Amino acid sequence: RPIRDEAWAALHASNYPPSLFQRSGAPACLTLIKGVPEITPVDATIMFDHLCSIASWVHRTPDMETPTNPPKELPAVMVKRPHPALPHIEAVVSAPVFDRQANLIQSPGYHRDARLYMHIARGNVPIDVPAHPTDAQIAEAIALILNDLFVDFPFTTPAARAHAVAALLLPFVRRMIKGPTPVHLIESPSPGTGKTLLAKIISQIVLGKIVNATSLDLDEQALAKKIIAILLGAPQIVLIDNVNIRTGLTSASLAAALTADPYSERVLYQSGMTVLPNQALWLLTANNPTTSLEIARRCVKDRIASRPPRTGVMHGLERVPPG
């Protein structure tokens with residue numbers, strides 16, 4: 001017990017600015033992936049390396065002290081029973097967002113009360129968002145979204161366009177909303193209408209990069225494990241691209257994930273349940289998908305019309321009939 005308590009004391013004393021956190025009751029750290037910090041679960045090996053970095057460990061005898069390593073049981077115990085004083089972290093963000101109390105988070109670094117880490121990509125200038133925008137600034141923002149960003153997407157109805165705007169705004173205000181939010185189903189009658197492009201544009205603004213797409217597994221157990229693996233990374237956006245029209249949207253695991261915050265499931269090779277925050281924007285793309293009642297009740301549709309075929313002129317040149 002004295003060694004464990006001294007180890008935690010040394011860790012807390014060296015944890016400023018924080019490099020070790022807790023997420024959903026388990027230790028976590030930030031790992032740079034292509035220059036962008038991502039939340040990584042801390043295992044006994046990572047904890048061992050951290051303990052070796054923050055303190056000098058010695059074996060004391062009546063005559064001398066000799067360098068040694070932390071006791072082999074200590075990192076495992078600290079991982080399984082993290083200290084409650086470890087700062088909490090829920091997500092890494094790349095653009096200004098609001099926290100639960102409607103405070104605007106826009107300065108880089110860790111924000112303890114919001115449980116967020118804000119990363120500003122190298123070469124980017126931090127955005128100075130006004131606390132009280134003027135009417136002219138609001139009008140300019142609306143025009144930018146409707147007349148520039150979304151102007152070329154052939155939404156079928158004004159409601160479909162409004163749902164696309166809502167999908168764009170949701171990640172910035174998600175923490176102000178208690179409970180789950182609907183999945184945005186971006187659908188159209190045929191391929192090539194810009195469904196995936198719409199999802200990529202939204203992710204580029206929110207994340208500063210294109211979100212990685214995933215597929216919808218047919219096996220329920222495989223899909224449940226995939227959902228846990230996705231949420232372990234604390235994503236702001238989850239994109240399930242090109243849902244198979246023959247299988248449709250009928251997964252019970254997906255329906256459960258869309259209404260569970262936090263989401264709980266058993267991780268492979270581990271005992272007990274893993275509980276994770278589920279505050280991502282969920283995007284699905286599909287061509288005329290069939291949905292179960294459970295999925296239909298949990299989604300809003302951003303429907304895009306098929307583009308009319310081009311006839312007569314192509315890039316300024318008349319089309320020549322074959323032969």
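What to note about this one:
- Taken over region 205-232, the criterion of being of a type outside the set (Val, Ile, Thr), assigned to a helix (DSSP H, G or I) and over 13 Å from the mean Cα position of the chain (by Cα) is satisfied by Glu220, Gln221, Ala222, Leu223, Ala224, Lys225, Lys226.
- Inside region 20-31, residues that are free of Cβ contacts under 8 Å to residues at least 24 places away in the same chain and farther than 14 Å from Gly233 by Cα make up a count of 0.
- Answer residue from region 60-79, given it is among the β-branched types (Val, Ile, Thr) and more than 34 Å from the chain's Cα centre (by Cα) and is nearest to Ala10 (Cα to Cα) among those: Thr68
- Qualifying residue in region 196-204 (condition: open to solvent by 50 Å² or more (accessible area, probe 1.4 Å), more than 19 Å from Val93 (Cβ to Cβ) and not in a helix (DSSP H, G or I)): no
- Odd one out for Ala136 among (1) free of Cβ contacts under 8 Å to residues at least 60 places away in the same chain; (2) open to solvent by 60 Å² or more (accessible area, probe 1.4 Å); (3) under 30 Å from Arg23 (Cβ atoms): (3)
- Residues being surrounded by fewer than 17 Cβ atoms within 10 Å (Cβ to Cβ), hydrophobic (A, V, I, L, M, F, W, C) and not in a strand (DSSP E or B) - total across region 58-79: 3
- Test: residue in region 268-286 that is in a helix (DSSP H, G or I), modelled with pLDDT under 90 and small (Gly, Ala, Ser): no
- Among the residues of region 91-107, the one identified as open to solvent by 80 Å² or more (accessible area, probe 1.4 Å) and within 19 Å of the chain's Cα centre (by Cα) is Arg100.
- So Pro17, is it within 26 Å of the chain's Cα centre (by Cα), surrounded by fewer than 18 Cβ atoms within 10 Å (Cβ to Cβ), touching a residue at least 60 places away in the same chain (Cβ under 8 Å) and farther than 23 Å from Ile205 by Cα: yes
- Among the numbered conditions (1) within 21 Å of Gln279 (Cα to Cα); (2) open to solvent by less than 60 Å² (accessible area, probe 1.4 Å), the only one that Ala141 does not meet is (1).
- Qualifying residue in region 32-43 (condition: assigned to a strand (DSSP E or B) and farther than 19 Å from Gly233 by Cα): no
- The set of residues in region 144-158 that are open to solvent by less than 80 Å² (accessible area, probe 1.4 Å), out of contact with any strand residue (DSSP E or B) (no Cβ under 9 Å at 6 or more places or on another chain) and not in a loop (DSSP other than H, G, I, E, B) comprises Ile145, Leu146, Leu149.
- Note on region 83-102: residues that are in a loop (DSSP other than H, G, I, E, B) and closer than 21 Å to Ile237 by Cα total 8.
- If you check His163, His119 for being within 30 Å of Leu20 (Cα to Cα) and open to solvent by less than 80 Å² (accessible area, probe 1.4 Å), only one passes: His119.
The values are calculated or read from the model by the stated rules, or taken from the named source; none is laboratory data. Bear in mind the structure is a predicted one, so any value in this text is a computation, not a measurement. Here the Cβ is made from the backbone with ideal geometry for all residues, glycine too, and neighbour counts use every protein chain on show. Accessible surface is based on the protein model in full, side chains and every heavy atom, while ligands, DNA and RNA are left aside. Shrake-Rupley method; radii C 1.70, N 1.55, O 1.52, S 1.80 Å.
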